[in-house]
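Peer 1: Just passing along the structure, written as structure tokens.
Readers should treat all values here as calculations from the given coordinates under stated rules, not as data from a laboratory. For clarity, every value in this text was computed on a predicted model and none was experimentally measured. Neighbour counts are summed over all protein chains in view; Cβ atoms, including those assigned to glycine, are modelled from backbone coordinates with ideal geometry.
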Amino acid sequence: MGALHSKLMLAAQNPADPVTRAFAGALETSRIALPMARPIGLDAVAFGALLERYFPAANDFPELTEQAGSECCKALRADEHDDLLQLLLEHRSDGSDETLWLASAVAAACLGGNHLWQDLGLANRQELSDLLKTRFSSLYACNTGNMKWKKFFYKQLCERAGVNACRAPSCRVCDDYHNCFGSEDEG
């Protein structure tokens, strides 16, 4: 992770908390992937509440707070982020602000270029799985094949749209099986 992530972790109320690290990672990822977008897709009020709760010393980061409140900043790749966000919200385990914010953070991190757990600044895939199991338990339960999370989310969106993303009738015989279900140890 980069400089913004490091600054956020220094400003964090509880830097060891996986949810805190996921917010910091998603903020870093969304800032790199979509520099002119609102941070993790939240409006200024929600974003300010997230910062106050998880990163109370982050008021010293005008690059984040100004961007969140700017009229010129567009939403993240709106259609893609909104579809991912809607999928996560349909499966949230509770109605808390934190879970809503986390859904937006996960959706934003899905727009990054690495494994989802990496784009969220988490230590490994298991940490992401544990987070999803707690906050989005019904969606977690749907991933019966232990598919990589980002691929799993997009597969869910494709199935909703009636698109069969796999080139074979069964994932087990698909040429890309290891890309979807293989180890995430590399890169």
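Peer 1: With θ set to phi - 60°, apply the Karplus curve 6.51 cos²θ - 1.76 cosθ + 1.60 along the stretch 5-10 and write out the HN-Hα couplings as whole Hz, x wherever there is a Gly or Pro.
Peer 2: Here the 3J(HN,Hα) series is 4, 4, 5, 5, 5, 5 Hz.
Peer 1: Continuing with the same structure: Once label points are set 7 Å from the Cα along Cα→Cβ at both Arg160 and Glu80, what is their separation, rounded to one decimal in nm?
Peer 2: Between Arg160 and Glu80, the label points sit 1.6 nm apart.
Peer 1: Under a plain spin-label model, where a point goes 7 Å from the Cα along Cα-to-Cβ, how far apart in nm are Ser96 and Met147?
Peer 2: For the pair Ser96/Met147, the computed spacing is 2.8 nm.
Peer 1: How far apart, in nm, are the 7 Å Cα→Cβ label points at Arg53 and Leu89?
Peer 2: The two pseudo-label positions are separated by 1.6 nm.
Peer 1: Taking H placed 1.01 Å from N in the peptide plane, check which residues at least 5 places from Phe136 or on another chain put their amide H under 5 Å from its amide H.
Peer 2: Ser93
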